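Only the coordinates and a few stated rules stand behind these numbers; no lab work does. Remember, it's a predicted structure, so these values are computed and weren't measured experimentally. With ideal geometry, Cβ positions are generated from the backbone for all residues, glycine too; neighbour counts draw on all protein chains shown.
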Amino acid sequence: MAASKQWQRYARQGLAGLLVLVAVLFQPLPARAAQVAIAAIVGEDVITTTDVSERRDLVMATAGIPPTVENQQKITPRIVQSLIDEALQLQEAKNQSVSVTDEELNKAIASLPARGEQKESIRDFITRNNLSPRSFEAQLRAQLAWNKVVQRALRRNISIAQDEVLRAQKSAAGAPGATELRLQAVEVGAEGSGGAEEMQRLMEEIALQIKSGGELSNIAMRYIKNPRVHYNPPVWVEESSLPPPLQQVLRGLKTGETTPPVRSERSMQIIQLLDRSARAKLSDATEYAIKQITVTVPMRRDKASIEKLQAAARMLRERPGNCTEASIPEVDFATDVQFLRMRLGALSPQQRSIIGRLEVGDVSEPLLSPEAVRLVMLCEKMEPAEGNLPDAEAVRQQLFAEKLELEAQKHLRNLRREAFIDIKGNPGAR
């Protein structure tokens with residue numbers, strides 16, 4: 001398994017997953033007093049309070065957790081346990097003559113995805129936020145070494161029978177569909193003069209209007225001439241396609257409620273939950289033939305022009321023509337019609353939510369982007385001949401990965417049980 005895949009797999013586990021998968025705006029953390037003491041002893045290895053503090057800062061910064069005293073106290077026990085597990089993993093790797101070269105480590109780091117809109121590397125992010133490269137590299141080295149141990153010592157214990165694959169296929173085909181959310185949002189960007197201060201002022205102003213009972217779309221129309229403010233009209237999205245922190249916020253909302261202002265790399269937005277439902281599970285091999293109508297957004301974007309554009313989109317949705325010819329009713333905007341064929345598995349989560357909900361002859365709601373309004377008419381839907389059973393080889397690989405992970409967890413529990421571990425009173429305290 002390549003080093004990049006090794007990292008991707010183990011980055012999903014616990015705190016390590018927070019290290020690379022959450023992409024939000026982070027602030028530099030305060031300097032730390034140089035007080036070093038023993039936090040824990042694992043066999044012959046010593047974990048110091050510096051080790052704990054450096055890893056805690058790293059995790060909190062990359063996860064976007066505010067560095068308050070309360071948050072530090074909550075996360076410290078998990079940080080200590082993570083460092084203990086890494087020590088055990090490296091000790092087991094040494095016992096099995098497994099090591100990680102600097103070349104392997106650098107290759108794994110280079111394979112990590114860039115962060116944020118500025119495409120910042122993880123090393124640049126660590127330097128900019130005055131975090132510990134040593135702690136980051138130690139964590140990654142332990143993960144790579146442990147993966148080698150797992151592959152060398154445990155994978156031979158795993159076998160997948162054909163009837164297991166068939167049962168898993170049938171179970172997946174009969175499972176409930178993905179949870180989908182119907183959302184609309186108003187977003188404020190930080191571009192131009194004033195930057196973050198003006199973004200904050202506008203968002204507070206909009207939030208106050210929402211709190212007073214204003215409709216989100218009507219509020220957004222009041223700012224139609226402000227290039228900072230963008231309205232994202234209602235759309236169905238798969239809950240699993242959203243960032244985990246946003247999923248957690250939305251799960252606490254009732255239909256019709258809005259989130260507090262949510263901050264990302266270069267903007268803030270307020271999202272309204274309009275509906276929640278479970279879509280029937282569809283095969284990735286399902287093929288769709290669609291008629292896509294694109295209406296170009298005018299250069300002039302005053303209230304009258306936008307309302308005229310919306311009226312044109314509503315009319316085209318009611319009269320989209322047919323699936324045998326490109327003709328559509330004439331409107332006062334540039335239009336384009338395309339006939340496309342695509343498989344569900346090749347679509348983005350947003351496209352899956354839109355097209356997967358249509359029946360033959362249905363037309364989607366207008367989808368607004370800065371450049372155009374698009375409507376999709378479903379012309380034909382072709383289910384695979386084998387039905388909705390997922391691919392057997394993909395299921396086999398998933399079963400193997402799940403069993404291998406269980407074996408790895410069991411092996412680590414055994415190492416914990418057999419090792420001498422002594423955790424001191426208040427590790428990582430500042």
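FRET efficiency for SER327 and ASN106, Cβ-Cβ distance as r, R0 = 60 Å, nearest 0.05?
Values: r = 58 Å, r/R0 = 0.97.
Efficiency at R0 = 60 Å is approximately 0.55.
Counting only Cα atoms, I'd like the Rg/Rh figure for the range 89-159, Kirkwood definition for Rh. Write down the numbers at each step before the final one.
Values: Rg = 14.9 Å, Rh = 13.7 Å.
Dividing the radius of gyration by the Kirkwood radius yields 1.09.
Report the net charge of residues surrounding ALA142, where surrounding means a beta-carbon distance below 10 angstrom and charges are Lys +1, Arg +1, Asp -1, Glu -1.
Working: positive: ARG141; negative: ASP85, GLU86, GLU137.
Within the 10 Å Cβ shell, the charges total -2.
Leaving out same-chain residues fewer than 8 places away, which aspartates and glutamates sit with a Cα under 16 Å from that of LYS74?
Filter leaves GLU54, ASP57.
So which trypsin sites (Lys or Arg not before Pro) in the range 181-250 pass both tests, a DSSP loop state and at most 16 other Cβ atoms within 10 Å of the Cβ? Don't skip to the end; give the middle numbers.
Values: sites: ARG182, ARG201, LYS211, ARG222, LYS225, ARG228; in loops: ARG222, LYS225, ARG228.
Passing both the DSSP loop test and the Cβ count: ARG222, LYS225.
Test of understanding: what is the full-extension gain from GLU405 to ASN226, defined as 0.36 nm times their sequence separation minus their Cα-Cα distance? Can you show the working numbers first?
Details: separation 179, 0.36 × 179 = 64.44 nm, distance 5.11 nm.
This chain segment gains 59.3 nm when fully extended.
Can you work out ³J(HN,Hα) from phi for every residue in the range 405-416, in order, using Karplus 6.51 cos²θ - 1.76 cosθ + 1.60 and θ = phi - 60°, giving whole Hz and x for Gly and Pro?
So the J values, rounded to whole Hz, are 5, 4, 4, 5, 5, 5, 5, 5, 4, 5, 5, 4.
How far apart, in nm, are two points set 7 Å out from the Cα along the Cα-to-Cβ line at SER348 and at GLU44?
5.4
Wrap a convex hull around the Cα atoms of the range 344-414, take a quarter of its surface area, and give that in square nanometres.
Values: hull surface 32.5 nm².
Over all viewing directions, the range 344-414 projects a mean Cα-hull area of 8.1 nm².
Based on alpha-carbon atoms only, what is the radius of gyration of the range 89-224 relative to the globular estimate 2.2 N^0.38 Å? Mind dumping the intermediate values first?
Values: Rg = 25.3 Å, N = 136, 2.2 N^0.38 = 14.2 Å.
Rg over 2.2 N^0.38 Å, computed on Cα atoms: 1.78.
Which lysines have a Cα less than 28 Å from the Cα of LYS211, not counting those fewer than 8 places away in the same chain?
LYS225, LYS254, LYS303
List the residues, sorted by chain then number, that are 5 or more residues from VAL297 or on another chain and whose placed amide H is less than 5 Å from its amide H.
The answer is ALA372, VAL373.
What's the FRET efficiency of GLU257 with GLU120 using the Cβ-Cβ distance as r and R₀ = 30 Å, to the nearest 0.05?
After rounding to 0.05, the efficiency reads 0.30.
Taking amide H positions as placed in the peptide plane 1.01 Å from N, state which residues far from LEU274 in sequence (5 or more) or on other chains have amide H under 5 Å from it.
ARG182, LEU183, GLN184, GLY256
Take the Cβ-Cβ distance between GLN292 and PHE420 as r, set R0 to 45 Å, and report the resulting FRET efficiency rounded to the nearest 0.05. Don't jump to the answer; show the numbers that get you there.
Details: r = 65 Å, r/R0 = 1.44.
With a Förster radius of 45 Å, E is 0.10.
Tell me the GluC sites (Glu not before Pro) within the range 285-351 that lie in a loop according to DSSP and have at most 16 other beta-carbon atoms within 10 Å.
Working: sites: GLU287, GLU307, GLU318, GLU325, GLU330; in loops: GLU325, GLU330.
Those satisfying the criteria are GLU325, GLU330.
Please identify every one of the GluC sites (Glu not before Pro) in the range 92-167 that sits in a loop by DSSP and has no more than 12 other beta carbons within 10 Å of its own beta carbon.
On the way: sites: GLU92, GLU103, GLU104, GLU117, GLU120, GLU137, GLU164; in loops: GLU117.
The qualifying sites are GLU117.
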